[in-house]
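J.: What follows is a single structure, and I will ask about it in a moment.
What follows draws every value from the coordinates through simple rules; no lab data is involved. Predicted model only: the values in this text are computed from it and were never measured. All Cβ positions, even for glycine, are placed from backbone atoms using ideal geometry, and neighbour counts span all protein chains on display.
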Amino acid sequence: MALISCPECKKEISDKAQICPNCGYPISKEHCETIQEPPLSKEKFPDFPVIMNVGKQIANWKGDTSIDGLYFHSENVVNIIPEGDVSVELSTNGIVINKGLTFYYISNLQITKLAFTNKETIVEESKSVIGRAAIGGILLGPIGAVIGGLSGTGTTNTLKGKYYLVINFWDVYTKKQQTILICTKETPQSFIDRYNKEKSQNNIPEGNDYVVNVFNEDQTLNEDKIIEAVKGIDPMRLSIKIEQVTGMKDVYLEVQKIITNSEMSVNDVKSSGCMVTLVVVLSTSILGFIITSSLL
């Protein structure tokens with residue numbers, strides 16, 4: 001066996017490989033002729049509301065509303081969630097993936113499928129597809145991530161679980177169907193069953209855990225949607241929600257700029273008692289600093 005360079009990613013691979021384990025590029029002519037790419041969904045991004053309430057977290061009395069797992073960037077395209085141990089928690093109208101101080105919310109409206117599979121099935125079924133792999137109706141990520149990144153295959157990660165919780169959903173930021181793979185030690189079936197049960201009940205949204213749909217196709221802020229959103233969420237909270245989805249910085253300044261340019265009435269913008277308190281505290285601190293400085 002000799003090593004050759006992949007024409008696509010330039011990494012060294014076996015000359016006997018039919019596809020590159022790193023990027024999924026077809027190597028042999030024979031493979032190119034027999035491979036068939038699964039059809040991607042031609043559905044357009046749904047007409048979601050600007051504000052989607054995820055609801056409030058459900059108490060885990062029966063141990064079926066939360067599941068622990070591992071999240072790797074090598075297996076996923078959503079990089080806003082940090083790598084490592086994560087907790088997937090069920091809310092009345094969606095789920096939240098929790099890693100330390102990072103909370104990634106997904107509403108029921110966005111989720112198209114919640115299922116589970118294992119590494120062996122993913123690798124075996126993905127050998128004959130390019131692009132996105134489809135296993136039993138489950139959409140997976142790019143073939144390079146599916147085969148090359150699965151918790152130890154071609155990476156420094158070691159497999160710490162035998163199952164994968166698969167979350168297929170509409171990403172409000174990219175406006176595309178995305179997949180999140182979370183490696184778990186135990187089967188996520190009870191979690192999935194509870195999710196389906198809660199979803200069927202059409203719970204009335206409560207709490208302040210929102211997903212905001214305020215982006216253009218090019219992933220910039222949509223000014224009209226921002227103006228609509230600040231009528232229901234105060235600008236600071238809206239900015240935090242945008243940062244949770246995108247990782248953007250200085251969002252609050254951009255939101256304020258949009259509000260100013262729109263010439264909205266102050267009464268039209270959702271206010272927060274916490275924000276008023278913050279402004280008062282800052283104003284008091286600044287005034288105290290000025291007085292102290294003048295006395296020196």
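J.: Lys113's amide H: which non-local residues (gap 5+, or another chain) put their own amide H closer than 5 Å, with H modeled 1.01 Å from N in plane and none for Pro or chain starts?
T.: Asn168
J.: OK, next. Using the number of other C-beta atoms within 10 angstrom as an exposure proxy, rank Cys6, Cys20 with the fewest first. Please list the in-between numbers first.
T.: On the way: Cys6 18, Cys20 24.
By the 10 Å Cβ count, ascending, the order reads Cys6, Cys20.
J.: Would you mind ranking Tyr252, Tyr173, Tyr105 by Cβ crowding within 10 Å, fewest neighbours first?
T.: Values: Tyr252 16, Tyr173 19, Tyr105 23.
Lowest count first: Tyr252, Tyr173, Tyr105.
J.: Fewest Cβ neighbours within 10 Å first, please rank Phe169, Phe103 accordingly.
T.: Working: Phe169 23, Phe103 16.
Listing Phe169, Phe103 from fewest to most nearby Cβ atoms yields Phe103, Phe169.
J.: Which ³J(HN,Hα) values in Hz, rounded to whole numbers, follow from the phi angles of the range 185-202 under the Karplus curve 6.51 cos²θ - 1.76 cosθ + 1.60, where θ = phi - 60° and Gly and Pro get x?
T.: 7, 10, 4, x, 4, 5, 5, 5, 4, 5, 4, 4, 5, 5, 5, 5, 7, 6
J.: Follow-up. Using θ = phi - 60° and the Karplus form 6.51 cos²θ - 1.76 cosθ + 1.60, what ³J(HN,Hα) does each residue of the range 204-214 get, whole Hz, x for Gly and Pro?
T.: Those phi angles translate into 6, x, 9, x, 10, 8, 10, 10, 10, 9, 10 Hz.
J.: From the backbone phi of the range 242-247, what are the Karplus-calculated ³J(HN,Hα) couplings (6.51 cos²θ - 1.76 cosθ + 1.60, θ = phi - 60°) in whole Hz, Gly and Pro given as x?
T.: Each residue's phi maps through the Karplus curve to give 5, 5, 5, 8, 10, x Hz.
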